[in-house]
Structures are given as structure tokens and as C-alpha cells.
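The values are calculated or read from the model by the stated rules, or taken from the named source; none is laboratory data. Not measured: the values here are computed from a predicted model. Quick reminder, even Gly has a Cβ in these numbers, built from the backbone with ideal geometry, and neighbours come from all protein chains shown.
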Amino acid sequence: MDVKILLKGKSMYNFFYLEGAYLILGTFILFITLFVTTRPFMSKGAVKKGLFWVSLVIFSMITLHYMITSSRMKEVALAFEQDKVIICESRATRKVAQTVLIQKSNEWLLKDNNFISPNFNRPFFMARCIVK
């Protein structure tokens with residue numbers, strides 16, 4: 001199965017799903033920047049300069065994070081199709097077995113960017129996995 005087919009069609013949904021918290025945090029930071037730059041002690045033009053530079057940094061960081069995460073997801077999907085071992089974090093238990101080893105030959109399926117198995121009651125999101 002082609003990796004492009006696995007990740008195709010939901011790119012905007014994936015972006016908002018993966019980066020939603022960072023977008024909210026970035027918006028909050030922009031409001032703080034707006035508040036601080038409109039204070040009387042700030043120089044004239046600080047609002048434009050502040051919002052521009054802070055927006056640029058936030059945009060760059062979110063874009064870079066999305067590119068790295070989507071690249072890793074493609075790598076994981078390709079490795080899964082080649083029956084390589086995938087390591088995913090398990091949030092079910094915090095004391096022992098914090099990772100789960102996933103392999104296609106061990107009854108795992110990749111459906112909607114989630115690894116599912118009849119042996120586990122919860123799916124594992126592909127963005128939280130790496131290739132062993």
C-alpha cells in the first residue's frame with residue numbers, strides 16, 4: 001500500500017489535530033504581545049513590530065513541528081507496511097510497559113492514522129510512534 005494513499009485526503013484535518021494546541025497557545029501569546037505592546041511605556045510602532053515578529057516565530061515553529069511530525073508519520077507508515085517493528089507510547093499504564101511494540105505480522109492494522117489490534121482495547125495514534 002502506498003504511503004501517500006494512507007495519509008491523503010485529510011491533510012487539513014491532520015494539521016488541526018496535530019497542531020491545534022499549539023495554534024491556541026500561539027493565539028494566546030499573540031494576545032499577550034498585543035497587550036504588552038499597547039502599554040503607554042512602549043515606543044510608537046511597537047504593536048506592528050511586536051505582532052509581526054512574534055507571529056513570524058510562532059508560524060515558523062508550528063510549521064517546522066508539523067513538517068517533522070508528518071514526515072515521521074510517513075516513515076512509520078512505510079515501515080509498518082514493510083513489517084518493521086514500531087514503538088508507540090502507551091498512556092494506559094505509567095509504571096511499567098510504557099511502550100507497545102507494533103508489527104503488521106502481529107495482528108496490527110493501520111486505519112485512519114491509528115494502529116489497532118484485537119488484543120488491545122484502544123488505538124495508538126501514528127504520530128506518537130517511531131520506527132525501532
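Things worth noting here:
- Residue within the range 45-65 that is modelled with pLDDT under 95, loosely packed, with under 10 Cβ neighbours inside 10 Å, β-branched (Val, Ile, Thr) and part of a helix (DSSP H, G or I) present: no
- Residue within the range 94-109 that is assigned to a helix (DSSP H, G or I) and under 19 Å from the mean Cα position of the chain (by Cα) present: no
- Filtering VAL100, VAL96, VAL76 for residues that are modelled with pLDDT of 85 or more and not basic (Lys, Arg) leaves a single hit, VAL76.
- Any chance MET73 is outside any strand (DSSP E or B), touching a residue at least 12 places away in the same chain (Cβ under 8 Å) and out of contact with any helix residue (DSSP H, G or I) (no Cβ under 6 Å at 6 or more places or on another chain): no
- Note on the range 14-24: among residues that are hydrophobic (A, V, I, L, M, F, W, C) and either farther than 30 Å from LYS111 by Cα or surrounded by 13 or more Cβ atoms within 10 Å (Cβ to Cβ) (or both), the one that is modelled with the highest pLDDT is LEU23.
- MET73 under 30 Å from PHE115 (Cα atoms), within 12 Å of the chain's Cα centre (by Cα) and loosely packed, with under 14 Cβ neighbours inside 10 Å: no
- Extreme residue, surrounded by the fewest Cβ atoms within 10 Å (Cβ to Cβ), among residues of the range 76-89 that are over 15 Å from the mean Cα position of the chain (by Cα) and assigned to a strand (DSSP E or B): ILE87
- Among (1) within 14 Å of the chain's Cα centre (by Cα); (2) at pLDDT 90 or above; (3) hydrophobic (A, V, I, L, M, F, W, C) - the single one LEU34 does not satisfy: (1)
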